[in-house]
Amino acid sequence: MQDKYLNAIVVGRRALTDRITEILIAAQDGRALPPAEAGSHIELRFGGEDGRFLRHYSVVGALTAGSAPEPFWRIAVQRENRARGSAFIHGNFVVGTHLRVSRPLNAFRLMRHRPKTLLIAGGIGITPIFAMARSLDARHENFSAVYVGLERATMAYVDELETLCGDRLSVVQTEYDGIPDLKALLAKQPEGAQVYVCGPGGMIEALVAAAAELGWAPDRIRYEVFNAAHSPEDEGFEVRLKDGMTIPIGAGMTILDALEARGVETYADCRRGECGLCTTAVIACDGELDHRDHFFSDEDKAEGRQMTICCSRIRGRVLELDI
Ligand code: FES
């Protein structure tokens, strides 16, 4: 568990928009960092000695085509209203801040040699999509990108992405252009086109529904939901295990993170409610299960027998799990 993380230090910080701050992270001992391939993310553990927050951020990488690998990991953090982890980063991270960081993990891997790749980013979902655009460009693959945001001033890296992609990029400012017609966008893609999307849950659901209406195979849409595991309204609760152990789950932590921190054996891969590997049977809950995954069907969720502990929570005080 310990060697999953390395000691790291903040080596740069700049504001990208009113709500988005870029943070550059390097190894504390100055050693070269493991490479982060397009779509990968790192786990940050921060907030005091006990690392009270754990958050996942995509590694953006270099902002220009053809650049050498950077000696740091570049992430962009959006401050969510009243959210604890991102607010802590915005309020406390400065050059010299120490933290613990995992090696890059990739649950959003870019496939090669597709007839065409369509990248879609919504808001802060640009971070993995930027890395994918740079990778596809470097490999001279056929791709286009759509970047959707409220308006340019709120959209991180929009100038850099325009420079990188040229006319392969469409920027949609919903404030002026309205919501994009995702079904029409998919309908004009060539046979065999592969789509990667990262953005708010509603956007991803709309895209998946549009693809289904067009008869696309589900695996032609690969997605990553931003921040499914955390919301400003989250409150702490308690998890009870079969051996009687009780583990407090802070508002800023997932059940999975808390169990891991206590050395409980768990399984997980994507950590974003997509793969189902962390699925755990529920014995009892004194409130309501708050399912945040994209793995279970609506029927499964309504039954409430299982939950994905990497992102789902409860609205209540005590949850008993079959662990
Ligand atoms: S680890 Fe993939 S759904 Fe939880």
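Summary of values
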item: Every residue from segment 277-291 that is open to solvent by less than 40 Å² (accessible area, probe 1.4 Å) and acidic (Asp, Glu); result: Asp290
item: Residues of segment 268-296 classified as modelled with pLDDT of 85 or more and not aromatic (Phe, Trp, Tyr), total; result: 18
item: Filtered residue count, segment 308-323, keeping only those that are open to solvent by less than 70 Å² (accessible area, probe 1.4 Å) and in contact with a Phe, Trp or Tyr (Cβ under 8 Å, 6 or more places away or on another chain); result: 6
item: Wholly within segment 254-312, strands (runs of 3 or more DSSP E) carrying at least 2 residues that are within 10 Å of the ligand (Cβ to nearest atom); result: 279-285, 306-308
item: Given (1) open to solvent by 40 Å² or more (accessible area, probe 1.4 Å); (2) modelled with pLDDT of 95 or more; (3) assigned to a loop (DSSP other than H, G, I, E, B), index of the condition Glu191 fails; result: (2)
item: The listed residue being open to solvent by less than 30 Å² (accessible area, probe 1.4 Å), closer than 24 Å to Ala268 by Cβ and touching a Lys or Arg at 6+ places or on another chain (Cβ under 7 Å), out of Ser40, Ser86; result: Ser86
item: Qualifying position, being assigned to a strand (DSSP E or B) and either within 22 Å of Phe130 (Cα to Cα) or modelled with pLDDT of 95 or more (or both), among Glu238, Glu205; result: Glu238
item: Matching helices (runs of 4 or more DSSP H) fully within segment 70-181 where at least 1 residues are touching a helix residue (DSSP H, G or I) at 6+ places or on another chain (Cβ under 9 Å) and closer than 21 Å to His41 by Cα; result: 126-138, 158-165
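The values are calculated or read from the model by the stated rules, or taken from the named source; none is laboratory data. Predicted model only: the values in this text are computed from it and were never measured. Cβ: placed from backbone, ideal geometry, glycine included. Neighbour counts: every protein chain shown. For accessibility, only protein heavy atoms count, side chains too; no ligands or nucleic acids. Shrake-Rupley method; radii C 1.70, N 1.55, O 1.52, S 1.80 Å.
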